[in-house]
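The values are calculated or read from the model by the stated rules, or taken from the named source; none is laboratory data. Nothing here was measured: the structure is a model prediction, and the numbers come from that model. Please note: Cβ atoms are built from the backbone with ideal geometry, for glycine as well, and neighbour counts cover all protein chains shown. Heavy atoms of the whole protein, side chains included, go into the accessibility calculation; ligands, DNA and RNA do not. Shrake-Rupley method; radii C 1.70, N 1.55, O 1.52, S 1.80 Å.
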Amino acid sequence: MKFTEMLRARWRNADTLLCVGLDPDLARLPEELAGKPDAIYSFCTGIVDATADLVCAFKPQIAYFASEGAEDALNRVVAYIHSNHPGIPVILDAKRGDIGSTAKHYAEEAFDRYGADCVTLSPYMGGDTLDPYLAYAEKGAFVLCRTSNKGGDDLQMIDLGGGERLFERVARLVSHEWNRTGELGLVVGATYPDELAAVRRIAPDIPLLVPGIGAQGGDINAAVKAGMDTEGAGMVINSGRAILYASSGADWREAARRSAIATRDAINSAREL
């Protein structure tokens, strides 16, 4: 099944736009996992089991695993999701962006080594950097467009002339010329609802990965109003730390689930406004 088909099935069947980011920080793991050799894997699979019925996707961030030498744990977490919660797509948050044979190896890393259904990419070096990923016709990619950090202004808001800003050029290219497989989407932060609305006007039909709610402070109502497609979906709204670290005590799984339910429900309420 293609990535976008998996995503639409989750939007429809699970009635959720929530994505849980898997960002395992050893310094913040629950007390019961402190010092244990397989703590990262145990934590991530615990979060997955606690929230799987509430999400449209999971998004492991590769840096949190790689910095601890836990690439094997990442591989096993992705395999665990596919085996125990089939149909939930996995988005590998890697933000790769390179050319030629290097990009080919990055694509193999994401899709062959880790088994992800989708990967995040940087467009800075141009459209040919996407080619190795598009060779995997059923896999997806979310391309950075208007990111949730303030420093994104340095480049993304540059006026290219004729009233078009750089992030708008990226949105147009990704949604049209570059989207040869129909499996591309855009990353647009919830912290910038006006720009999110501008991207949705340019790209009315493609999925948007929306970070920035929860710990980053993005407004759910404003983001949903700006980014929903005509079918009332079209968004993968990511929350990480607010769900992952809702408790460091013995109730960490239950606390994560409560936080995920609250976030899912807030998103769904915003869809109905």
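When the stretch 1-49 is examined, which residues are found to be among the small types (Gly, Ala, Ser), open to solvent by 30 Å² or more (accessible area, probe 1.4 Å) and not in a loop (DSSP other than H, G, I, E, B)?
Ala27, Ser42
Determine whether Ala52 is in a helix (DSSP H, G or I) and over 16 Å from the mean Cα position of the chain (by Cα).
no
Name the residues in the stretch 111-167 that are of a type in the set (Val, Ile, Thr), free of Cβ contacts under 8 Å to residues at least 24 places away in the same chain and surrounded by 14 or more Cβ atoms within 10 Å (Cβ to Cβ), would you?
The initial filter retains those residues of the stretch 111-167 that are of a type in the set (Val, Ile, Thr), namely 119-120, 129, 143, 147, 158.
Now restrict to residues that are free of Cβ contacts under 8 Å to residues at least 24 places away in the same chain: 158.
Those that are of a type in the set (Val, Ile, Thr), free of Cβ contacts under 8 Å to residues at least 24 places away in the same chain and surrounded by 14 or more Cβ atoms within 10 Å (Cβ to Cβ): none in the stretch 111-167.
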